[in-house]
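Some notes on the structure that comes next.
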Amino acid sequence: MPATEESAAKDRIYRSPLGMVGGLLLCLVICWLGGDALFQGHGRTPWLGLAGMVLLLPLVIAFTLRPAVFANEDRLRVRNPFRVITLPWGQVAALRSRFSNEVVADSGTTYQLWAVPVSLRARKRAARKQARMETDAARGRTGRSGGLGAFGGFSGLGGAGLGAVAPDLSGPARAETDKVMDDLRDLHDGHSGTAEGEITIRWAYEILAPALVGAITLAILLATG
C-alpha cells in the first residue's frame with residue numbers, strides 16, 4: 001500500500017512501503033553474502049562476490065527502493081526503476097487502472113506507475129469491507145424501524161441499540177492504491193487546463209552504469225574460470 005508524504009515543495013509523494021521493506025531486507029542479504037565472500041573467500045571467490053554485489057544491489061534498489069510518484073499542481077513526476085518521466089498535467093490524457101496503474105500521455109504513450117502497484121487482494125478485501133458496511137447499515141435501518149425492543153425503545157441484538165456504533169458510510173471502501181489513483185485524477189482534473197509544458201524523460205544512469213559494470217565483470221570472471 002503506497003505511503004503518502006508532503007514535501008516542502010508541496011509534492012505529494014507516493015511509495016510502496018512493502019516494496020521498500022522488501023528491498024532493504026534483500027540489500028542486507030546481498031551485502032551479508034557478498035561481504036562474506038569478499039572477506040572470507042579464497043582465490044576468485046572475493047572477485048565473484050564483489051561483481052555480484054555491484055550487479056545485484058543497483059537492480060534491487062531500482063525495483064524496490066527507487067520507485068516513487070511525485071505530484072503537485074503543475075506536474076506528475078514518475079520515478080520508475082530505470083527512468084524518470086515528468087509530465088505536465090496538460091500533457092496527461094488519462095490515469096488508467098487495469099492490471100497495472102498507468103498514466104497515458106496525449107500522444108498515446110503509456111507509462112506504468114511502479115510505485116503504485118495494483119493489488120487484486122487489496123481490492124477484494126475492500127469489496128468485502130464495503131459489503132459488510134452495507135449489511136450493517138441495512139441491519140441498523142431494520143432495527144430502528146422494527147418497533148420497540150424488550151427494553152422500551154432499545155432494539156435487540158440485531159438493532160442499533162444503546163452503545164451500537166453506526167457504520168462509516170462517508171464513502172465506499174477502496175484499496176489504498178485505488179485511493180492514490182483517485183487523488184492523482186483529482187489533481188489532473190483540477191489542473192490539466194493550466195499546467196502546460198513538455199514531457200521529459202531521464203534515464204537512471206546511476207543505476208544502469210554500475211549494474212552494467214557488474215554484469216560485464218561477472219561474465220568475464222565466469223568465462224575465464
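The values are calculated or read from the model by the stated rules, or taken from the named source; none is laboratory data. Note that the structure is predicted; figures quoted are calculated from it, not measured. Positions of Cβ are backbone-derived with ideal geometry, glycine not excepted, and every protein chain shown enters the neighbour counts. Calculation scope for accessible area: heavy atoms of the full protein, side chains included, ligands and nucleic acids excluded. Shrake-Rupley method; radii C 1.70, N 1.55, O 1.52, S 1.80 Å.
Mind listing just one residue for me: the one in the stretch 28-45 that is among the small types (G, A, S), within 38 Å of the chain's Cα centre (by Cα) and farther than 16 Å from P58 by Cβ and, of those, surrounded by the fewest Cβ atoms within 10 Å (Cβ to Cβ)?
Quick first cut of the stretch 28-45, residues among the small types (G, A, S) only: 34-35, 37, 41, 43.
Then drop every residue that is not within 38 Å of the chain's Cα centre (by Cα), which leaves 34-35, 37.
Imposing the further condition that a residue be farther than 16 Å from P58 by Cβ reduces the set to 35, 37.
Working: G35: 13, A37: 18.
So the residue we want is G35.
Do you know which of the residues in the stretch 198-225 that are in a helix (DSSP H, G or I) and hydroxyl-bearing (S, T, Y) is nearest to Y111 (Cα to Cα)? Step through it out loud before you land on a result.
Let us first name the residues in the stretch 198-225 that are in a helix (DSSP H, G or I), namely 205-223.
Filter again for hydroxyl-bearing (S, T, Y), leaving 205, 217.
Values: Y205: 19, T217: 32 Å.
Of everything passing the filter in the stretch 198-225, Y205 is nearest to Y111 (Cα to Cα).
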Q.
Could you check the stretch 52-74 and list, in sequence order, the residues that are assigned to a helix (DSSP H, G or I) and not hydrophobic (A, V, I, L, M, F, W, C)?
A. G52, P58, T64
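Hey, can you tell me all the residues within the stretch 179-193 that are open to solvent by 20 Å² or more (accessible area, probe 1.4 Å) and at pLDDT 80 or above? Walk me through it before giving the result.
In the first step, residues of the stretch 179-193 are kept if they are open to solvent by 20 Å² or more (accessible area, probe 1.4 Å); the result is 179, 182-183, 185-186, 188-193.
If the condition is that a residue be open to solvent by 20 Å² or more (accessible area, probe 1.4 Å) and at pLDDT 80 or above, then K179, D182, D183, R185, D186, H188, D189, G190, H191 are the ones that fit.
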Q | Residue that is within 23 Å of the chain's Cα centre (by Cα) and open to solvent by 50 Å² or more (accessible area, probe 1.4 Å), where the choices are F82, F70 | A | F82
(Q) So, in the stretch 194-215, how many residues would count as being modelled with pLDDT of 90 or more and either basic (K, R) or open to solvent by 90 Å² or more (accessible area, probe 1.4 Å) (or both)? (A) 6
